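First comes the structure, then the notes that go with it.
The values are calculated or read from the model by the stated rules, or taken from the named source; none is laboratory data. No experiment lies behind these values; they were computed from the predicted model shown. Quick reminder, even Gly has a Cβ in these numbers, built from the backbone with ideal geometry, and neighbours come from all protein chains shown. In case anyone asks, the SASA skips ligands and DNA or RNA and just uses the protein heavy atoms, side chains included. Shrake-Rupley method; radii C 1.70, N 1.55, O 1.52, S 1.80 Å.
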Amino acid sequence: MEDGECLATEAPKAPVTKERKIGTDLEKYIAKPYVARALQAPDVGNPDGTKGYPDNGMTVLQQHVAFFDQNNDGVVYPWETFK
């Protein structure tokens, strides 16, 4: 790993990260925006994450994937994402 790479804000294989820069005024909206959160995904419009949506003890990524797992069997099939 090169110097500063661990602090990179752009991912070469994800061009959208270059287009959507990280705001320099996030502390106005989100308390300690530099702290990683396991159960919520705060943004400027929702500084505490999505209210009223149970996290069920899952990480944000797990919650996202679970949304597409229509029958809750732990496998996301193409027909489930189509629905």
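Tabulated results
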read-out: Filter result for L26 (surrounded by 10 or more Cβ atoms within 10 Å (Cβ to Cβ), among the aliphatic types (A, V, I, L, M) and either touching a His at 6+ places or on another chain (Cβ under 8 Å) or without any contact (Cβ under 8 Å) to a residue 12 or more places away in the chain (or both)); value: no
read-out: Residues satisfying the stated conditions in the stretch 34-50, i.e. among the small types (G, A, S) and open to solvent by less than 90 Å² (accessible area, probe 1.4 Å); value: A38, A41, G45, G49
read-out: Single residue of the stretch 51-83 satisfying the filter (within 27 Å of I22 (Cβ to Cβ) and open to solvent by 100 Å² or more (accessible area, probe 1.4 Å)) that is nearest to the chain's Cα centre (by Cα); value: L61
read-out: Lone qualifier among A31, A14, A8 - being modelled with pLDDT under 90 and either open to solvent by less than 80 Å² (accessible area, probe 1.4 Å) or under 14 Å from the mean Cα position of the chain (by Cα) (or both); value: A8
